[in-house]
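Step one of this worksheet: look at the structure below.
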Amino acid sequence: GSHYSLEGIGEGQPGFVHRRLRTHEKREMQKEILSVLGLPHRPRPHLSHGKYNSAPLFMLDLYKTLSSEEKSQVEGALERPQSVPATRSPPLATYQETAFLNDADMVMSFVNLVEYDRELSPQRRHHKEFKFNLSQIPEGEAITAAEFRLYKECVSQAFRNDTFMLKVYQVVKEQPDREADLFLLESRRLWASEEGWLEFDITATSNLWVMSPVHNLGLQVSVETSSGQTISCKDAGLVGRDGALEKQPFMVAFFKVSEVHIRSVR
Amino acid sequence: SAGGKRRHQNRNRSTQPQEASRGSGQTDYNSSNQKTACKRHELYVSFRELGWQDWIIAPEGYAANYCDGECSFPLNGHMNATNHAIVQTLVHLMNPENVPKPCCAPTKLHAISVLFFDDNSNVILKKYKNMVVRACGCH
């Protein structure tokens, strides 16, 4: 999954005469396509390694699934039963996500904005925080499903035969002098030696963040060993900002144009 | 003016007797035979050529196509004007200059999905329903 290739995706069509565009033609075409894409201007993302990050690679996987289905529909190929995706995706996209994809009008992945590792202290549990900016969602789109994705690597010998209890919380309220108020979203028992992507359903939390941005205080993740000892997420093998690019944590949300139309006042 | 047009064609005919002599038969007002009729033209849009490869992840480009060519009243085989347009034509027969002007435009559009970065480096995968021209016709 770490290689990044675009073979076979929309490359020059055989038979099409390619003619280099004149400047004004290029400008006209850019304007036309931006209007169809519904964009006021061309985006200028901050891309240090962006294209090879986990989120774009995951989205590229979804894109390949979607475009191969579109191609088969346009070319009238035999319809595959919906329950079986056209291509068995590499481990990045699961069955469930492919089902969300079929139903969605748009999918967005969000960059993790912050990441705090609080040091262990008797009073405060060791945990990792994540925040996502959901303020740029186009109007009229409603979240039908959202996931927080975290990659877990194999751990060192110290915990080899142990199990971890991983908990994901929604931060409800931050307190200056003590621990934040938290709402437990999910707790999951894992083998310490387990490796791969972990997906956590945060649909309800994401909808709350979209409807009420002031409540978007992020997520917290904590890990305990089977003996109840809290350990750092890094020791538990959870990849953070300093890990491999293609294993960075991210969030993905599936949208559908919301049918609810607010009637204007007469 | 219809008469005028015929007179003009008669004059043409006199200058091209061979074609006339071949008995062109019924006059085709759409004259699509002489001019390029309304049809779909191939156009491949390369996002790379547009300099957009930094924010559009996939596809690298796509066959967009476009419609171009002549349309005129009454419509020929490409007829797909709405009844409204036809009624307007009949109503304006007394003032032919005011008839609605037909144009060659897409009649069928298809969707493609585009994967791209937004300004905040978030990635968006969206289906756009009217990105590919599949068929053209006179409107």
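Inside segment A:32-44, residues that are surrounded by 10 or more Cβ atoms within 10 Å (Cβ to Cβ), more than 7 Å from chain B (Cβ to nearest Cβ) and over 13 Å from B:Ala64 (Cβ atoms) make up a count of 3.
Across segment B:52-63, which residue is modelled with the lowest pLDDT among those that are at the interface with chain A (Cβ under 8 Å from one of its Cβ atoms) and part of a loop (DSSP other than H, G, I, E, B)? Taking the candidates together, the pick is B:Asp54. Within segment A:96-105, at least one residue is small (Gly, Ala, Ser) and at pLDDT 50 or above. For segment A:106-158, a residue qualifies if it is over 15 Å from A:Cys233 (Cβ atoms), modelled with pLDDT under 80 and either of a type in the set (Ser, Thr, Tyr) or assigned to a strand (DSSP E or B) (or both), and exactly one does: A:Ser121. Being modelled with pLDDT under 90, out of contact with any helix residue (DSSP H, G or I) (no Cβ under 9 Å at 6 or more places or on another chain) and surrounded by 12 or more Cβ atoms within 10 Å (Cβ to Cβ) is a property that holds for B:Ala85. Filtering segment A:175-200 to residues that are surrounded by fewer than 11 Cβ atoms within 10 Å (Cβ to Cβ) and not in a strand (DSSP E or B) leaves A:Gln175, A:Pro176, A:Asp177, A:Arg178.
The values are calculated or read from the model by the stated rules, or taken from the named source; none is laboratory data. Just so you know, these numbers come straight off a predicted model, no measurement behind them. Because the Cβ atoms are built from the backbone with ideal geometry, glycine has one as well, and the counts that use them run over all protein chains shown.
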